[in-house]
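Trainee: Handing you this structure, nothing more for now.
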Ligand code: ME8
């Protein structure tokens, strides 16, 4: 078993509160971190805000606030969002913190000393939306293809450049010896193709921006936001770098895969660090068929959403609607249908039936043989270990459907407990139901912690935090006690 596990989310730009797309990346990292913690692995999960960006300066001006006052307010809003969504991160980093400035200056100096950073005058069109200079091929009708509402800025300034071109061969060699470095495979192939096309050195400083980390070897310039942002992943582990680095997984969206899959590797190597182990890349989703945008008014606020529905409904839908890595569409109608079918009906039904039957025989039972198979558990672990969250959840629901079918076939409600042979059969069916439902709930624990713990307590087989999730799953209960019927675990939405 792995000694430690370190997972990260992107650090989100702090000029807006997190929307559902940002929350998607955080839910993925959170679920994987929960599984790791429940498996008794020493786990670290970092997130935070990307503050040294022109976007933050502009938004502060629009809000008529001093930049740091605005950044403080927004960092607090980000933390409040993650708390409301029960995202259990262990580290929250702000790139304006002094620990981050000190660390970034240290790595900049290292790369400067070894000749990977040099001075040059740069001329080009800059997009503040992307925080990058744009090539002719990225420009459509005089504007950035991704930010058609913004004017491109013509910049000409003395800049420091990072010698990315030097690392081209090393990056290609790394990719060929690390076939699982970028998931899914399509993104891995895209990067290789891009690198083969030739890598150009990139500018890592700005003369005109005043908000950012000053270069240690030329304080008249500040670091380019991406150079500073990527190093957040190392700043957070400065308390014990050799234990935590390399990171096990960076969860990122497909929009930022080039920064992580190319720039980041070269920047790390240049400063004397190893590459992270894996980039888990998510797709993008649209909302009811349209790109999420403020002007359309379809940006979903995840906090309002879980307030109106529930965290479990949001996580269930985000994880089952499309596998990680694929693009998808968020349909509110489908989200409700999925919730009703899977949590309210399938799991809810199995729970209600188990409780109703148990109460028929006084709520108590003892048993001395194992009644569940290990096959599903093995499959579950192998899916969770490769972070296949969609099929791990689907496996648990398929399992619940099978047990519901088994109950339908055995019609235990027709049995007469006054007849000995009937009573024996009822007990056997019931124990089978409880032992399997218990396994299903444990499998779903990293996704729906609160409700699954509640379910386990209600069927008289509480989760044991003293042992690992694997051990909890490996043991069948030898008895249970159910005191009362209780409210539905998941109230159906609509009719
Ligand atoms: O890029 N669907 O921050 P950011 C799915 N600060 N995921 C989405 C999404 C959508 N429609 N929209 C955004 C930055 N995301 C940088 C990162 S890391 C060193 C610096 C998710 O606030 C996706 O994971 O723009 C994407 O990578 C992230 O939000 C971008 O957040």
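Read-outs throughout are calculated quantities, based only on the coordinates presented, and are distinct from any laboratory measurement. It should be emphasised that the depicted structure is a prediction, and the values quoted were computed from it without experimental measurement. Glycine also receives a Cβ, built like all others from the backbone with ideal geometry; neighbour counts cover every protein chain displayed.
Trainee: Okay, which of the range 415-458 sit inside 16 Å, backbone N to the point 7 Å along the Cα-Cβ direction of residue 352?
Mentor: Within reach of a label on residue 352: no residues.
Trainee: I would also like to ask the following. Rounded if a/c is under 1.5, else prolate if a/b is larger than b/c, else oblate: which is the range 4-283, with a ≥ b ≥ c the root eigenvalues of its Cα gyration tensor?
Mentor: rounded
Trainee: Moving to a separate point now. At q = 0.07, 0.11 Å⁻¹, what log₁₀ I(q)/I(0) does a Debye calculation on the Cα points of the chain give, no solvent, two decimals?
Mentor: For the chain at q = 0.07, 0.11 Å⁻¹, log10 I(q)/I(0) is -0.45, -0.95.
Trainee: At q = 0.14, 0.17, 0.20, 0.32 Å⁻¹, what is the log10 ratio I(q)/I(0) for the range 281-322, with the Debye formula run over Cα points and no solvent?
Mentor: -0.36, -0.54, -0.73, -1.13
Trainee: Take residue 378 and residue 153, extend 7 Å from each Cα along the Cα→Cβ direction, and tell me the distance between the two endpoints in nm.
Mentor: The modelled label-to-label distance comes out at 5.9 nm.
Trainee: Right, here's the next one. Can you pull the percent of Cα pairs in the range 59-113 with separation above 13 Å?
Mentor: 70
Trainee: For residue 217 and residue 369, compute 0.36 nm times the residue count separating them, minus their Cα-Cα distance, and round to one decimal in nm.
Mentor: In short, 47.6 nm is gained.
Trainee: Then there's this: Please determine, in degrees from 0 to 90 and to the nearest 10, the orientation of helix 375-385 with respect to the longest principal axis defined by the Cα atoms of the chain, where the helix direction is its Cα long axis.
Mentor: On a 0 to 90 degree scale, this one is about 20.
Trainee: Oh, and also: How high is the relative contact order of the chain? Use alpha-carbon pairs under 8 Å, at least six apart in sequence, and give a whole percent.
Mentor: Value for the chain: 15 percent.
Trainee: Here is a follow-up. By how many degrees, between 0 and 90 and to the nearest 10, does the Cα long axis of helix 420-443 differ from the longest principal axis of the chain?
Mentor: Long axis of 420-443 versus the principal axis of the chain: about 10 degrees.
Trainee: Then there is this: Going by Cα centres, the range 40-89 and the range 132-146 are how many Å apart?
Mentor: One Cα centre to the other: 28 Å.
Trainee: Points 7 angstrom from Cα along the Cβ direction at residue 359 and residue 65: gap in nanometres?
Mentor: Going by the 7 Å Cα→Cβ label model, 5.1 nm.
Trainee: Output the relative contact order of the range 4-283, whole-number percent, from Cα pairs under 8 angstrom with separation of 6+ residues.
Mentor: 22
Trainee: OK, next. In the range 169-310, what percentage of the DSSP-assigned beta bridges are antiparallel, given to the nearest 5?
Mentor: Just about 45 percent of them are antiparallel.
Trainee: Counting only C-alpha contacts under 8 Å and six or more residues apart, can you give the relative contact order of the range 13-73 as a whole percent?
Mentor: Details: 34 pairs, mean separation 25.0, N = 61.
Value for the range 13-73: 41 percent.
Trainee: Classify the range 1-66 as rounded, prolate or oblate, taking a ≥ b ≥ c as the square roots of the eigenvalues of its Cα gyration tensor: rounded when a/c is under 1.5, otherwise prolate if a/b is larger than b/c and oblate if not. Write out the running numbers ahead of the final one.
Mentor: Numbers: a/c = 4.70, a/b = 2.84, b/c = 1.66.
Prolate, since a/c reaches 1.5 and a/b exceeds b/c.
Trainee: Given the -39500 (n - 2.57) contribution per DSSP H run of 4+ residues, what per-residue ellipticity at 222 nm results for the chain, rounded to the nearest 500 deg cm²/dmol?
Mentor: Counting only the DSSP helices, I get -13500 deg cm²/dmol.
Trainee: Same structure again: Can you say what percent of the DSSP beta bridges in the range 4-283, counting only those with both residues inside, are antiparallel? Round to 5.
Mentor: 55
Trainee: From the Cα trace of the range 331-481, what convex hull volume per residue do you get, rounded to a whole Å³? List each step's numbers first, then the result.
Mentor: Numbers: hull volume 16.9 nm³, N = 151.
Each residue corresponds to 112 Å³ of Cα convex hull volume.
Trainee: What's the extension gain from residue 474 to residue 277 if we count 0.36 nm per residue and subtract their Cα-Cα distance?
Mentor: On the way: separation 197, 0.36 × 197 = 70.92 nm, distance 2.94 nm.
Fully extending the segment from residue 474 to residue 277 adds 68.0 nm.
Trainee: What distance in nm lies between label points placed 7 Å from Cα along the C-beta direction at residue 394 and residue 145?
Mentor: If labels sit at residue 394 and residue 145, their model points lie 3.1 nm apart.
Trainee: Another question about this same structure. By counting other Cβ atoms within 10 Å of each Cβ, how are 68, 292 ranked from fewest to most?
Mentor: Values: 68 13, 292 18.
The most exposed by this proxy come first: 68, 292.
Trainee: For a quick check: sort 397, 162 by the number of other beta carbons within 10 angstrom, fewest at the front.
Mentor: Details: 397 20, 162 24.
Going from sparsest to densest Cβ surroundings: 397, 162.
Trainee: Which FRET efficiency value, to the nearest 0.05, is calculated for residue 98 and residue 416 with the Förster distance at 60 angstrom and r the Cβ-Cβ distance?
Mentor: Details: r = 74 Å, r/R0 = 1.24.
It comes out at approximately 0.20.
Trainee: Is the shape of the range 153-273 best called rounded, prolate or oblate, per the rule: a/c under 1.5 gives rounded, else a/b larger than b/c gives prolate, else oblate, with a ≥ b ≥ c the square roots of the Cα gyration tensor eigenvalues?
Mentor: Verdict is oblate for the range 153-273.
Trainee: Alpha carbon centre of the range 254-298 versus the range 345-408: separation in Å?
Mentor: About 36 Å separates the Cα centre of the range 254-298 from the one of the range 345-408.
Trainee: May I ask what percent, to the nearest 5, of DSSP beta bridges between residues of the chain are antiparallel?
Mentor: Working: 26 of 48 bridges.
Counting DSSP beta bridges with both partners in the chain, the antiparallel share is about 55 percent.
Trainee: Now for a different question. For 67, 121, 407, 315, what ranking results if the residue with the fewest other Cβ atoms within 10 Å of its Cβ goes first?
Mentor: Neighbour counts put them in this order, fewest first: 121, 67, 407, 315.
Trainee: What's the extension gain from residue 245 to residue 113 if we count 0.36 nm per residue and subtract their Cα-Cα distance?
Mentor: 45.2 nm
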